[in-house]
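Working notes for the structure below.
The values are calculated or read from the model by the stated rules, or taken from the named source; none is laboratory data. What you see is a predicted model; the values in this text were computed from it and never measured. Methodologically, a virtual Cβ is constructed for each residue, glycine included, from the backbone with ideal geometry; neighbour enumeration extends over all protein chains shown.
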Amino acid sequence: MSKQIWKPGALLAPVPPALVTCGTVESPNVLTVGWTGILATHPAMTYVSIRPERYSYPLIKEGGCFVINLPTRRLAKAADFCGVRSGRDVDKFAHCGLTALEASTVSAPVLGESPVNIECRVKEVIELGSHHMFLAEITAIQVDDGLVDENGRLCLDKAELIAYAHGEYYALGEKLGTFGWSVKKKKKKHKPKGK
């Protein structure tokens with residue numbers, strides 16, 4: 001297979017076009033962030049990387065918290081809008097018809113329309129160049145009741161989550177396997193006794 005060599009760039013994909021809320025319930029702001037992920041399980045740690053010139057940057061830095069709201073198919077247009085418009089110029093909550101609700105552990109609001117809200121408290125800000133990384137501890141997660149089955153298992157396949165890859169949005173759909181399926185041993189079929 002022939003390959004081209006390109007100069008370094010931000011080409012990791014897909015990423016979640018996460019709707020990050022900050023500010024307060026009374027004065028909320030939301031921006032779309034592609035640079036986010038999980039850093040550790042114990043304690044549960046995450047991050048968002050944001051340009052210092054963004055309107056949300058001082059809101060998060062001074063407030064010391066934010067909420068990562070997972071985007072769905074119904075939120076795709078809002079995710080795009082909130083990534084290309086500034087809170088300096090427009091009330092993105094009002095424009096997109098979004099609802100700011102009180103979080104359980106932080107002062108930043110959760111996005112009512114998102115089925116999963118990850119509440120985060122900033123632990124450190126790391127200046128990395130064009131973006132600064134807000135390293136944060138996950139303090140609580142809110143999950144819509146409709147995504148939890150009768151056994152208490154989270155069913156994210158029902159959420160209709162979306163992904164972003166190199167300038168385009170995609171709906172997630174077909175499940176290919178579950179964690180560990182590639183090494184799972186097949187169950188042996190038992191022969192009926194007496195035959």
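Contact list please: Cβ distance under 8 Å, first residue in the stretch 79-102 and aromatic (Phe, Trp, Tyr), second residue part of a helix (DSSP H, G or I), pairs at least six apart or on different chains.
81/92; 81/95; 81/96
Tell me which residues, restricted to the stretch 118-161, are among the β-branched types (Val, Ile, Thr), closer than 22 Å to residue 101 by Cα and in contact (Cβ under 8 Å) with a residue 24 or more places away in the chain. Give the derivation first.
Our first condition is that a residue be among the β-branched types (Val, Ile, Thr); within the stretch 118-161, this holds for 118, 122, 125-126, 138-139, 141, 143, 148.
Filter again for closer than 22 Å to residue 101 by Cα, leaving 118, 122, 138-139, 141, 143, 148.
Residues satisfying the conditions are 118, 122, 138, 139, 141, 143.
Step by step: first the residues of the stretch 40-66, then only those that are within 19 Å of residue 117 (Cβ to Cβ) and in contact with a Leu (Cβ under 7 Å, 6 or more places away or on another chain), then the one that is surrounded by the most Cβ atoms within 10 Å (Cβ to Cβ). Which residue is that?
Among those that are within 19 Å of residue 117 (Cβ to Cβ) and in contact with a Leu (Cβ under 7 Å, 6 or more places away or on another chain), it is 56.
Consider residue 31 against the criteria (1) part of a loop (DSSP other than H, G, I, E, B); (2) modelled with pLDDT of 95 or more; (3) of a type outside the set (Val, Ile, Thr): it satisfies all of them except one. Which criterion is unmet?
Only one criterion is unmet by residue 31, namely (1).
Out of (1) farther than 16 Å from residue 87 by Cα; (2) free of Cβ contacts under 8 Å to residues at least 24 places away in the same chain; (3) in a loop (DSSP other than H, G, I, E, B), the odd one out for residue 13 is which?
(2)
Among the residues of the stretch 168-186, how many are part of a loop (DSSP other than H, G, I, E, B) and closer than 12 Å to residue 16 by Cα? First the steps, then the outcome.
Taking the stretch 168-186 as the starting set, the residues that turn out to be part of a loop (DSSP other than H, G, I, E, B) are 172-186.
Keeping just the survivors that are closer than 12 Å to residue 16 by Cα gives 172.
Final tally of qualifying residues: 1.
Quick grid of which residues meet (1) in a strand (DSSP E or B); (2) at pLDDT 95 or above; (3) farther than 18 Å from residue 26 by Cα; (4) basic (Lys, Arg):
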residue: 75; (1), (2), (3), (4): no, yes, yes, no
residue: 95; (1), (2), (3), (4): no, yes, no, no
residue: 103; (1), (2), (3), (4): no, yes, no, no
residue: 118; (1), (2), (3), (4): yes, yes, yes, no
residue: 125; (1), (2), (3), (4): yes, yes, yes, no
residue: 130; (1), (2), (3), (4): no, yes, yes, no
residue: 137; (1), (2), (3), (4): yes, yes, yes, no
residue: 141; (1), (2), (3), (4): yes, yes, yes, no
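Give me the residue from the stretch 168-195 that is exposed (fewer than 10 other Cβ atoms within 10 Å of the Cβ) and hydrophobic (A, V, I, L, M, F, W, C) and, out of that set, modelled with the highest pLDDT.
If we take residues in the stretch 168-195 being exposed (fewer than 10 other Cβ atoms within 10 Å of the Cβ) and hydrophobic (A, V, I, L, M, F, W, C), then 183 is modelled with the highest pLDDT.
Go through the stretch 138-167 and give me each residue that's of a type outside the set (Phe, Trp, Tyr), under 15 Å from the mean Cα position of the chain (by Cα) and either within 20 Å of residue 51 (Cα to Cα) or loosely packed, with under 10 Cβ neighbours inside 10 Å (or both).
Scanning the stretch 138-167 gives a single hit, 165.
Out of the stretch 158-190, which residues are farther than 15 Å from residue 14 by Cα and touching a Leu at 6+ places or on another chain (Cβ under 8 Å)?
Passing the criteria: 158, 159, 160.
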